[in-house]
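Report on the following structure.
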Amino acid sequence: MKKSKLSAAHPPFTKADMIAWLADHATAPQDWRIGTEHEKFLFRAADHSPVPYEGADGVGALLQMLQDQQGFQPILEQGTLIGLKEDQGGSITLEPGGQLELSGAPLENLHQTCAETGRHLKQMRVVTEALGLGMVGLGFQPEWRREDIPWMPKGRYRIMRDYMPKKGDLGLDMMLRTCTVQVNLDYADEADMRRKFRTALALQPVASALFANSPFIEGKPAGWKSARVRVWTDTDPDRCGVPEIVFDPQFGYEAWVDYLLSVPMYFLHRGDSYIDVAGESFADFLKGELPGHAGETPQLADFEDHITTAFPEVRLKGYLEMRGADSGLWENICALPAFWVGLLYDEAALAEAAALAAPLTAADVEAGRISAARDGLQGQLGSYAMHKLAEQLLAIAAGGLQRRAKINGEGQDESIFLAPLQQIVKSGETRADMLLRLYHGSWGEDITRLYTRFNY
């Protein structure tokens, strides 16, 4: 996951520079890395209530305790602690409703990424227990109402909060009540990027089905196996979903830049402040015609910020980011990167996966997202039965990981991390199905049992 050769102070920044920035991030296969991101909900252990930023047991106090205990570097905004930089290269960041995210370091293999996850969750467990808090991995908060959840003190979230309701009905739910696990992977060149992007985007509903883990809204069954995926379908059509351009045989860096230029802006980041330009055009900004900022043109940092405000199911931002999975159990955090590394980082596996993806259209994938959200592994993706396709893809991923031959100290290759997914496919029961079974069975429809059973 390389840095661009472009200087941060490279005026004027042009569309050609945007294309060059993507090309500069191409990485030789021997240097490919794996970056894992995962979010979790915090709650007060005594009553399962949301955790505000303020207070002796608040998110701010938790971040401060982590900083004091681990020696992490603070990330500040207007003097407020909003995140931490870890010694190993990762960072802990704060989502709008108090969800905490580990943005992992770029690592060489899945043994390292899973060790990173374990180390982080153990550190988190120490501080949450000291503060009387718990943490749980789910795709959608199972109990709280939107209005119950306190907003975190980050400037960009204020702008997004005001803009989201203008574009969709569920954008604020996305911000406040969802959690995901993601993986970031490299590409060798434009052709490799094109093949990986199209394959991953076409097959993303399978990951959504395998990782479905959010069947409840406000304490009751939602009618969806993944309420998180459902929310993303009604957030903002200008920046979410399945970009049809990726399915064009000529798709490349320039086409992706054109897509980004079509995504409305949210903000300008100047020092510690965020300036609201929500709904304005980055293309106008390139021409020096941004309303209220006439004559000003973007810098590299503005482009890098703007990329983070596009939310398709797969995102290109100097690496490919797979975004379709609900957060889940500890072992599922390791399983998500294993699934995509197995499919995309081995040439034979990528060829097999690309062949399965080839018949799928953007419309198939959009319909497949809804099917995965509603029905999980009982869904449909194009002409494929979701369960059968998941079984095929797991076999391909296992072969890819075995051929990578990244061995741990016990002589095991990376395919060991697929075990939770293989069990899901074998049983046909996703985590969402398991939660529903418990809810209707031994839990006696008491949703609060979830916090104890699945507390990290």
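What follows draws every value from the coordinates through simple rules; no lab data is involved. Nothing here was measured: the structure is a model prediction, and the numbers come from that model. For neighbour counting, all protein chains shown are included, and Cβ atoms are generated from backbone atoms with ideal geometry for every residue, glycine included.
Numbers at a glance
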quantity	calculated
Charged-residue dipole, Cβ positions (Lys, Arg, Asp, Glu), the chain about Cα centre, Debye nearest 20	700
Computed E for THR233/TRP151 - FRET, C-beta separation, R0 25 angstrom, nearest 0.05	0.60
Cys with no candidate disulfide partner in the chain (beta-carbon separation under 4.7 Å rule)	CYS179, CYS240
Computed magnitude of the charge dipole of the range 90-221 (debye, nearest 20; Cβ of K, R +1, Cβ of D, E -1)	260
R0 of 22 Å, Cβ-Cβ distance GLU129-GLN88: FRET efficiency to nearest 0.05	0.45
Under the Karplus curve 6.51 cos²θ - 1.76 cosθ + 1.60, θ = phi - 60°, whole-Hz ³J(HN,Hα) for the range 164-174, x wherever Gly or Pro sits	3, x, 7, 10, x, 7, 10, x, 5, 5, 4
Computed FRET value (nearest 0.05) for ALA16 with ALA115, which takes r as the C-beta separation and R₀ as 41 Å	0.50
Rounded, prolate or oblate (a/c below 1.5 giving rounded, otherwise prolate when a/b exceeds b/c) for the range 74-233 by Cα gyration tensor	rounded
Restricting the range 1-107 to trypsin sites (Lys or Arg not before Pro) in coil, as DSSP defines it, with at most 11 other Cβ within 10 Å	LYS3, LYS5
Formal net charge of residues neighbouring THR233 (Cβ-Cβ distance under 12 Å; K, R +1; D, E -1)	-2
Stokes-Einstein diffusion coefficient of the chain, Kirkwood radius over Cα pairs, 37 °C, 0.692 mPa s, in µm²/s	147
Among the listed pairs LYS122/LYS220; LYS15/LYS317; LYS225/LYS426; LYS388/LYS426; LYS196/LYS225, those beyond 21 Å (Cα-Cα)	LYS122/LYS220; LYS196/LYS225
Where a label projected 7 Å from the Cα of ALA395 along Cα→Cβ would reach, residues of the range 335-358 with amide N under 12 Å	none
The range 324-410: C-alpha gyration tensor shape, a/c 1.5 cut-off, then a/b vs b/c	oblate
Pairwise centroid distance, computed over Cα atoms, of the range 299-374 with the range 386-408, Å	16
Restricting the range 73-153 to GluC sites (Glu not before Pro) in coil, as DSSP defines it, with at most 14 other Cβ within 10 Å	GLU108
Helix-only mean residue ellipticity at 222 nm for the chain, each DSSP H run of n ≥ 4 adding -39500 (n - 2.57), per residue, nearest 500	-13000 deg cm²/dmol
